[in-house]
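K.L.:
Handing you a structure now.
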Amino acid sequence: MMRSQLAIASLTGIALAVLAGQCLQVGVGATRQASDARVVLVTLDGARTEELFGGLDIDVLRASLGPKDRVEDQPVYRRFWADTPAARRARLMPFFWNVLMREHGSIAGNRALGSRVALANRRRFSYPGYGEMMLGRALDDEITSNDLKPSPRQTVLEYARDALGLRADGVALFASWDVFNGIGEHTPGSVTINAGYEALVAPAESVSARLSTAQFETPSPWNSVRHDYYTFRLAMDHLERHRPTVLHLALGETDDWAHDGRYDRVLETYARTDAYLAELWRWLQAQPDYRGRTHLLISTDHGRGHTVHDWKDHGERVTGADVTWMAFASPSMSRRGEWRDHAGLQNAQVAATLLQWLGLDPRRFAAEAAAPVG
Ligand SMILES: [Zn+2]
């Protein structure tokens, strides 16, 4: 090597080092900026594409009535029926369709438009469904039941808390179903979880203290699932008082009323959930520390049967139980309305999507994690 070449080489080395330094600074800046991001994940248990994209399913409503009942006499028919799927879904979830999806977000999963979202796991019930969202991949051999057991691996919630150096109350999971005490974390106590009929320690006279007591005085029909009302209100109070960076609001009644064959209650639950989403969204937009930097993802853990014979059910043998949907309202995603004709999405992509929004590298969470939704 000649001297001049050597000089050029070392100059190049310096230039590269300077460049690397700049990149590093850009990187640090980007990380700092990204750490201002907040994410909210909302899950509606077992919410079918039929109701979400088409509103009231008249065949299911008819099948759920007694032989002498007339469908036209049903309060839910009068409240939610309309002639087209678009009009029906807007009657069922007016905020979601007329405001959130029209003005702020997008939704994938309407198969009539060539948009497919599906589960990666083959089991098609709740723990595996939430498991793939929490872990970024299906672990069919490790998650085999809905038993209340800790997650087999570190969850995306735990990883986000570690990677961002947050306090335990900075990552919060409020759930109607008690099994979320396992689903949400591999190491008990690493994030804030309040799930099922679980008391919440809160300052006396606070909203949460009153709700914590009241949940035990208003039992639902199910031992492991409290009413979504408590889950939602406790989550809102946590938002207000603790300002978490990551919130997972896990609502359950869409699934449980369906198992019970109470289609009227299923529909009423969608409508109530819509009002919750409106309140949550408006709260987020009214807070300087959340407005414009909060990414919202809404999805479900599984589908259910498509027909009047199996709409109550889901699981490995039920056709349609793997059919899901995913909605987004994110400052970093286009407001494209309903997705059309795209490569299919999987629920396993939820973990990486949340991490990317938080400015974190999903591959450092899990090498096998499915790619973020971009
Ligand atoms: Zn279920």
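The values are calculated or read from the model by the stated rules, or taken from the named source; none is laboratory data. Here the structure is a predicted model, which means the values were calculated and not measured. Every residue, glycine as well, gets a Cβ built from its backbone with ideal geometry; the counts of neighbours run over all protein chains shown. Heads up: the accessible areas ignore ligands, DNA and RNA and are worked out on the full protein's heavy atoms, side chains in. Shrake-Rupley method; radii C 1.70, N 1.55, O 1.52, S 1.80 Å.
K.L.:
According to a simple spin-label model (label point 7 Å from Cα along Cα-to-Cβ), what is the distance in nm between Arg241 and Ala271?
P.N.:
With each label placed 7 Å out from Cα toward Cβ, I get 3.2 nm.
K.L.:
Just to confirm the filter: which GluC sites (Glu not before Pro) across segment 279-368 are DSSP coil and have at most 16 other Cβ within 10 angstrom of their Cβ? Please list the in-between numbers first.
P.N.:
Working: sites: Glu279, Glu316, Glu338, Glu368; in loops: Glu316, Glu368.
In loop regions of segment 279-368 (DSSP not H, G, I, E or B), the sparsely surrounded GluC sites (Glu not before Pro) are Glu316, Glu368.
K.L.:
Right, something else. For the Cα atoms of the chain, what angle does the longest principal axis make with the long axis of helix 228-242, in degrees from 0 to 90, nearest 10?
P.N.:
30 degrees
K.L.:
Also: Enter the accessible area per residue of the chain (Å², integer; probe 1.4 Å; all protein chains in place).
P.N.:
On the way: 16640 Å² over 374 residues.
Counting only protein heavy atoms, the per-residue value for the chain is 44 Å².
K.L.:
Taking all protein chains in place and a 1.4 Å probe, what share, in percent, of the accessible surface of the chain do carbon and sulfur account for? Numbers along the way, then the final one.
P.N.:
Numbers: 8630 of 16640 Å².
Carbon and sulfur atoms account for 52 percent of the accessible area of the chain.
K.L.:
Counting only C-alpha contacts under 8 Å and six or more residues apart, can you give the relative contact order of segment 244-322 as a whole percent?
P.N.:
21 percent
K.L.:
Go ahead and run the numbers for FRET between Ala82 and Ser145, Cβ-Cβ distance against an R0 of 51 Å, rounding to 0.05. Please list the in-between numbers first.
P.N.:
Values: r = 40 Å, r/R0 = 0.79.
Efficiency computed from Cβ-Cβ geometry: 0.80.
K.L.:
To continue, here is another question. Could you work out how much longer the chain between Val207 and Asp341 gets when fully extended? Use 0.36 nm per residue separation minus the Cα distance between them, nm to one decimal.
P.N.:
Numbers: separation 134, 0.36 × 134 = 48.24 nm, distance 4.55 nm.
In short, 43.7 nm is gained.
K.L.:
Expressed as a rounded percentage, what relative contact order does segment 121-204 have, with Cα pairs under 8 Å and six or more residues apart?
P.N.:
Normalised by residue count, the contact order of segment 121-204 is 27 percent.
K.L.:
How long is the gain from Glu279 to Asp169 if the chain were fully straight, where each residue apart is worth 0.36 nm and the alpha carbon distance is subtracted?
P.N.:
That pair, Glu279 and Asp169, stretches by 37.5 nm at full extension.
K.L.:
Related question: Report, in degrees rounded to the nearest 10, the 0 to 90 angle that the Cα long axis of helix 263-286 makes with the longest principal axis of the chain.
P.N.:
In the chain, helix 263-286 runs at an angle near 40 degrees to the longest axis.
K.L.:
Which percent, to the nearest 5, of DSSP beta bridges fully inside segment 37-365 are antiparallel?
P.N.:
Working: 10 of 35 bridges.
DSSP beta bridges in segment 37-365 are roughly 30 percent antiparallel.
K.L.:
Which of Asp69, Asp162, Asp264 moves most in a GNM of the chain, Cα contacts under 10 Å?
P.N.:
Residue with maximal mean-square fluctuation among Asp69, Asp162, Asp264: Asp69.
K.L.:
Separate question: Rounded if a/c is under 1.5, else prolate if a/b beats b/c, else oblate: with a ≥ b ≥ c from the C-alpha gyration tensor eigenvalues square-rooted, which is the chain?
P.N.:
Prolate.
K.L.:
For the Cα atoms of the chain, what angle does the longest principal axis make with the long axis of helix 126-135, in degrees from 0 to 90, nearest 10?
P.N.:
Tilt relative to the chain: about 20 degrees.
K.L.:
What length, rounded to one decimal in nm, is gained on full extension from Ala214 through to Asp260, with 0.36 nm per residue of separation minus their alpha-carbon distance?
P.N.:
Full-extension gain reported as 14.2 nm.
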